[in-house]
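Colleague: Have a look at this one.
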C-alpha cells in the first residue's frame, strides 16, 4: 500500500465493525455472458433487476452517489471458447471481469462478492484529500471511465485492481459510504483539525447505502 500517492485499489476489505479482521468471506453471484462493463476487484456492485451483478458505474455518474450497493467485487471465474489462462484454462479464476466477455456456451460467470454490511474498507481519497472534520460524514465514490463510454470503468488489468477513489468534492450529499476514521498510518492524518487536508490520503469507510442494512443519517 502506498499512502499520499495516487495509487488507488478501490474498496479494500480490512476488518469488521466489531474489530475482527475480515476473514475473506464472500457470497457467490453471477455475471451474464457478454456483460459490457469491466468489474475490477474493489469495485462496488449492485444486483440488477435481471438477477445479475452489475458494476455501480452502470447507473451513470449522476446517479452513483445515491444508488444502493450490494457489496464489493472480489474476483470471478468463467470459461471462454478460446483459452485465456494458459496454466489451467478449465478453471480460470480471474481477479476482474473484462468488459464484453463472451463465455463458453454463454454460461454465466460465477463471482465472489463481499456482501456483509458490517465490513469496513480502506479507500484512497482523490487528489483533494479528506478534511479532518469529514469523519462521520458520507461521501460518494468516483470512477475513472474509459472514453467514450459513460459507464465502463478503467482499472489495473495486470493486477485486476479497481481504480475507484473517494470523491471529496462534497460530503453528506453522496451516500455511498460513511467515513469512520483515517487509516492510522504516519502522515496520513491532517495536522490539526477542521478543513486541513492531505492529498490522496486513506480513510476507513463502511457502505452506508447497503442492500442489507439501514444506516442512521450522518451526523
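Colleague: Comparing 63, 149, 162, which has the greatest mean-square fluctuation in the GNM of the chain with Cα pairs linked when under 10 Å apart?
Modeller: Residue with maximal mean-square fluctuation among 63, 149, 162: 149.
Colleague: A further question follows. If each DSSP helix of 4+ residues adds -39,500 (n - 2.57) and the sum is divided by the residues in the chain, what number results at 222 nm, nearest 500 deg cm²/dmol?
Modeller: Mean residue ellipticity, 222 nm, calculated: -500 deg cm²/dmol.
Colleague: Shape call for the chain from the C-alpha gyration tensor, a ≥ b ≥ c root eigenvalues: rounded (a/c under 1.5), prolate (a/b greater than b/c) or oblate?
Modeller: Judged from the Cα gyration tensor, the chain comes out prolate (a/c at least 1.5, a/b above b/c).
Colleague: Quickly rank 69-77, 180-188, 54-62 as a protection proxy: mean count of other C-beta atoms within 10 Å, highest first.
Modeller: By packing density, highest mean first, the sequence is 69-77, 54-62, 180-188.
Colleague: Which one, 68, 124, 28, has the greatest fluctuation when you compute a Gaussian network model over the chain with C-alpha springs under 10 angstrom?
Modeller: Of 68, 124, 28, the most mobile in the Gaussian network model is 28.
Colleague: I'd like the distance between the alpha-carbon centres of region 17-42 and region 130-155, rounded to an integer number of Å.
Modeller: 18
Read-outs: derived from the displayed coordinates by stated rules, not from any lab. Just so it is clear, the structure is predicted and the values come from calculations on it, not from any experiment. Using ideal geometry, Cβ is built from the backbone for each residue, glycine included, and neighbour counts are taken over all protein chains shown.
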